[in-house]
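Heads up, the thing below is written out as structure tokens.
The values are calculated or read from the model by the stated rules, or taken from the named source; none is laboratory data. Because the structure is predicted, anything quoted here is derived from the model rather than measured. A quick note on method: Cβ atoms are made from the backbone with ideal geometry, for glycine too, and the neighbour counts reach across all protein chains shown.
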């Protein structure tokens, strides 16, 4: 999955909200069939999600969060919303790789049923249980896994599971956030997102939170309000100054190579192939957005 900078949650039972989310500045939306949807509206949420997928023609990513495996809804969620316009499923409340395998089997069956190219719908594990975080390497090893979401939200499932007390500084979740980034990189994943910032009106706090996590290695963030999308896009994107820096670095290194040098000086720094490759990766990621 491409490294989306901003992924906006929207309750599936509110059709007009889905349209507003699609019109927002978010790189992708996540149509929620799970926690934000009341029990009587689960079927409506599935129908709305499928309707939105059928009507979708843009390049904005559309993901769906189905209900968990211990509910009566997950089978219908997968079977009724697998579609050619679907980017992937954000998998909730996982405990082991076996859970990913179960979802994978359901998605494969749905792809066959709806004549969607097999393997095209990706799985994005949401790590919100202590078990899933501790087994992150196994969970991300699945062939259909295209990205990962680490949960570090205030007073939510992950804080209850792990037992931490949330602070804006995030010291209490630094280990688990770092662990997920390392595992995702080892698995070769390009999309590593974090969820989420809950203080809707505290935009300065969101900006600090996003900047810190981008520095840690995250490529994007799950959001709950459309006004947060521009902040996330800026924070997880490449600024004009950094783009200029990296482009100049690559040019300086390549000039040095043509002159027979393996390392050169650039703006006072010693740079070699490793630095050039880092710059190329940053520019490539930025080019996807």
| Out of all the residues in region 159-172, is one or more within 19 Å of residue 61 (Cβ to Cβ), touching a helix residue (DSSP H, G or I) at 6+ places or on another chain (Cβ under 8 Å) and in contact (Cβ under 8 Å) with a residue 24 or more places away in the chain? | no
| message | Please list, ordered by residue number, the strands (runs of 3 or more DSSP E) wholly in region 185-270 having 2 or more residues that are buried (at least 20 other Cβ atoms within 10 Å of the Cβ). | response | 192-195, 220-223
| note | Across region 35-50, the tally of residues that are under 17 Å from residue 121 (Cα atoms) and surrounded by fewer than 22 Cβ atoms within 10 Å (Cβ to Cβ) stands at 1
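For every residue, the table says whether it meets (1) within 25 Å of residue 109 (Cα to Cα); (2) part of a loop (DSSP other than H, G, I, E, B); (3) in contact with a strand residue (DSSP E or B) (Cβ under 6 Å, 6 or more places away or on another chain).
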| position | (1), (2), (3) |
| --- | --- |
| 43 | yes, no, no |
| 49 | yes, no, yes |
| 54 | yes, no, no |
| 59 | no, yes, no |
| request: Would you mention how many residues in region 25-34 are over 12 Å from residue 77 (Cα atoms) and either at pLDDT below 95 or buried (at least 17 other Cβ atoms within 10 Å of the Cβ) (or both)? | output: 5
| message | Between 106, 69, 86, which is in contact with a helix residue (DSSP H, G or I) (Cβ under 9 Å, 6 or more places away or on another chain) and in a helix (DSSP H, G or I)? | response | 106
| said: What's the number of the only condition in (1) under 28 Å from residue 206 (Cβ atoms); (2) at pLDDT below 95 that residue 91 fails to meet? | reply: (2)
| remark: Note on region 109-156: residues over 20 Å from residue 184 (Cβ atoms) and not in a loop (DSSP other than H, G, I, E, B) are 109, 110, 111, 112, 113, 114
